[in-house]
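Visitor: Right, I'll just put the structure down here and ask away after.
Read the figures in this text as sums done on the coordinates, not as results from a lab. All values derive from a computational prediction rather than experimental measurement. Backbone-built Cβ (ideal geometry, glycine too); neighbour counts: all protein chains shown.
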Ligand code: GAL
């Protein structure tokens, strides 16, 4: 069922792919004048009856949208939030009524921002949680205040998603299945063939892994499924190192520099859970005098512009397009559907896409 809904949603998203802007301005919520209302799950209205009457005629210009981003300095989430803001305005929201808050990678800070949005009577919230494990608490307070909620990017667990459906709450999740991105990373390497990748001829793929925030399923699944794709292709693997880089470029550089220092020429593949860390890894690879495509292979996820350029130049072996346009548009569309009373499925998916030298230019062009 989830797969079917996800497939349906990605078809819908393909239809909604329209131009993207570049406005980057974002506010932070004003401090709450009053304490947040007590949150009780029972207070939530069922999907059908929760639509504010004023939005039913399609006038969104007076509706207040609160957006919580786990951390503004994250490259991918910056693309996501800028596109989200532009598309919300395109849909008819007033820019002045869209508030985007930086959680600064701190759940307490973000929880405070959510409390402020609730006391300030925002009409709909779009939340990229700092910690997905806090989702139940967030859901309870937002639903308890009668505000519809769209989670993005960091998927709450199955038990939490089941609660939304069981209670017919106005809550949904928009994102991609990170297993797919991990699998694609592994396939990019497997497609090169053992002869090409097994530089030290030990019959195995000797790799290192640079993980994003391990609390995040994207990091967990990409780590697991990139390697699984190799073993599924019948290749033997040998993990030389696995470190946490928290999605950050500087960490990717620092960790891979250490790894290259420690394992020298044994490293054949560097898997990074995202492009920011892969771009950091690339700097370390260059400093160590290694050459991607010749004596080492490097893959990331996201298809940041700089990573696509690196793929074209051959300094990154490949990446996986994490479609921030489709996801941000789906999130905004879901917010609108809650406000108009149309409602949403409880899971709105999208597809990743493999990026190699063959299609990197095409992906870059599609993002212009
Ligand atoms: C992932 C993305 C990462 C990082 C992370 C934040 O989907 O690939 O670059 O933005 O989300 O949760």
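Visitor: Label residue 121 and residue 61 with points 7 Å out from Cα along Cα→Cβ: what is the distance between them in nm?
Guide: 2.0 nm
Visitor: What's the ranking of 348-354, 197-203 by average number of surrounding C-beta atoms within 10 Å, highest first?
Guide: Values: 348-354: 21.9, 197-203: 14.1.
Put in order of decreasing packing, that is 348-354, 197-203.
Visitor: Multiply the residue separation of residue 263 and residue 250 by 0.36 nm, subtract the distance between their alpha-carbon atoms, and state the gained length in nm to one decimal. Please list the in-between numbers first.
Guide: Numbers: separation 13, 0.36 × 13 = 4.68 nm, distance 1.99 nm.
Here the segment from residue 263 to residue 250 would lengthen by 2.7 nm.
Visitor: Arrange the peptides 219-229, 175-185 so that the one whose residues have, on average, the most other Cβ atoms within 10 Å appears first.
Guide: Output ranking for 219-229, 175-185: 175-185, 219-229.
Visitor: Further, regarding this structure: Under the rule a/c < 1.5 gives rounded, and otherwise a/b versus b/c splits prolate from oblate, where does the range 179-321 land using the Cα gyration tensor?
Guide: Numbers: a/c = 1.27, a/b = 1.07, b/c = 1.19.
Rounded, since a/c falls under 1.5.
Visitor: Along Cα→Cβ, 7 Å out, is where each label goes; now give me the distance between the ones at residue 242 and residue 342 in nm to one decimal.
Guide: 4.2 nm
Visitor: According to the square roots a ≥ b ≥ c of the eigenvalues of the Cα gyration tensor, what is the shape class of the range 69-146, taking rounded for a/c under 1.5, prolate for a/b larger than b/c otherwise, and oblate for the remainder?
Guide: oblate
Visitor: Please give the contour-minus-distance gain from residue 357 to residue 233: 0.36 nm per residue of separation, less the Cα-Cα distance, rounded to one decimal in nm. Can you show the working numbers first?
Guide: Numbers: separation 124, 0.36 × 124 = 44.64 nm, distance 2.14 nm.
Gain on extension, residue 357 to residue 233, equals 42.5 nm.
Visitor: Oh, and also: Can you tell me, using C-alpha contacts under 8 Å and at least 6 residues apart, the relative contact order of the range 242-315 as a whole percent?
Guide: Values: 103 pairs, mean separation 24.6, N = 74.
Relative contact order for the range 242-315 comes out at 33 percent.
Visitor: So how far apart, in nm, are the two label points at residue 201 and residue 368 if each is 7 Å from Cα heading toward Cβ?
Guide: 4.6 nm
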